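Written out below as structure tokens is the structure these notes cover.
The values are calculated or read from the model by the stated rules, or taken from the named source; none is laboratory data. Note that the structure is a prediction, hence the values are computed from the model and not measured. Reconstructed Cβ throughout: ideal geometry from the backbone, glycine too, with neighbour counts over all protein chains shown.
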Amino acid sequence: MKVYQRVTGYERSILDLEISVDNYSSGIASGFLIAIGDGLYVTGAGGSTGLANSGIMFSGHNGYIFDQSGRFVGGYYPDSNTEISIHNKNDGTFSYFINGDFIANNMNGLTGFEVIEFEKYLQSSLSIGYTHE
């Protein structure tokens, strides 16, 4: 199931995401997908909704976390919170941390965004904290 949260994205900002995924059963996929973009599109009457453009993305599957390039960047434990902190900069780049650990710097992406898309599998949840200068 996909849910959307509209936010006012600023280039100089910090976006804190806290994800929780319930314990998974064997043979059943668990995880999440977070995409951050600059608008929504809707196709036709009763059609699908999605992000117009996404510049930052994280996916989690059975304990592993990947970034928008498909690189393995960390992990998560079922039934515990995982924190992803995205630091947007003036120059159109961003850095991010997972559970307080510095993972990547000067990543190219969409730092002025409008929408956060959260797709969850089984029981997962997302809380959003946001500050800007």
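Yes/no matrix, rows are residues, columns are (1) buried (at least 18 other Cβ atoms within 10 Å of the Cβ); (2) touching a strand residue (DSSP E or B) at 6+ places or on another chain (Cβ under 8 Å); (3) touching a residue at least 60 places away in the same chain (Cβ under 8 Å); (4) within 19 Å of Tyr64 (Cβ to Cβ):
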site: Glu83; (1), (2), (3), (4): no, yes, yes, yes
site: Asn88; (1), (2), (3), (4): yes, yes, yes, no
site: Gly92; (1), (2), (3), (4): no, yes, yes, no
site: Ile98; (1), (2), (3), (4): yes, yes, no, yes
site: Ile103; (1), (2), (3), (4): no, yes, no, yes
site: Gln123; (1), (2), (3), (4): no, yes, yes, yes
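Is at least one residue of segment 64-76 in contact (Cβ under 8 Å) with a residue 60 or more places away in the chain, under 24 Å from Met1 (Cα atoms) and under 13 Å from the mean Cα position of the chain (by Cα)? Looking for residues that are in contact (Cβ under 8 Å) with a residue 60 or more places away in the chain, under 24 Å from Met1 (Cα atoms) and under 13 Å from the mean Cα position of the chain (by Cα), one finds none in segment 64-76, hence no.
Scanning segment 59-76 for residues that are at pLDDT 85 or above and assigned to a loop (DSSP other than H, G, I, E, B) yields Gly63, Gln68, Ser69, Gly70, Arg71, Tyr76. Out of all the residues in segment 90-119, which are within 19 Å of Gly39 (Cα to Cα) and charged (D, E, K, R)? Within segment 90-119, Glu114, Glu117, Glu119 meet the criteria.
Conditions tested, residue by residue: (1) surrounded by 15 or more Cβ atoms within 10 Å (Cβ to Cβ); (2) at pLDDT below 85.
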site: Met1; (1), (2): no, yes
site: Asp22; (1), (2): no, yes
site: Thr49; (1), (2): no, yes
site: Met57; (1), (2): yes, no
site: Leu110; (1), (2): yes, yes
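Scanning segment 98-108 for residues that are closer than 26 Å to Gly50 by Cα and modelled with pLDDT of 85 or more turns up Ile98, Met107.
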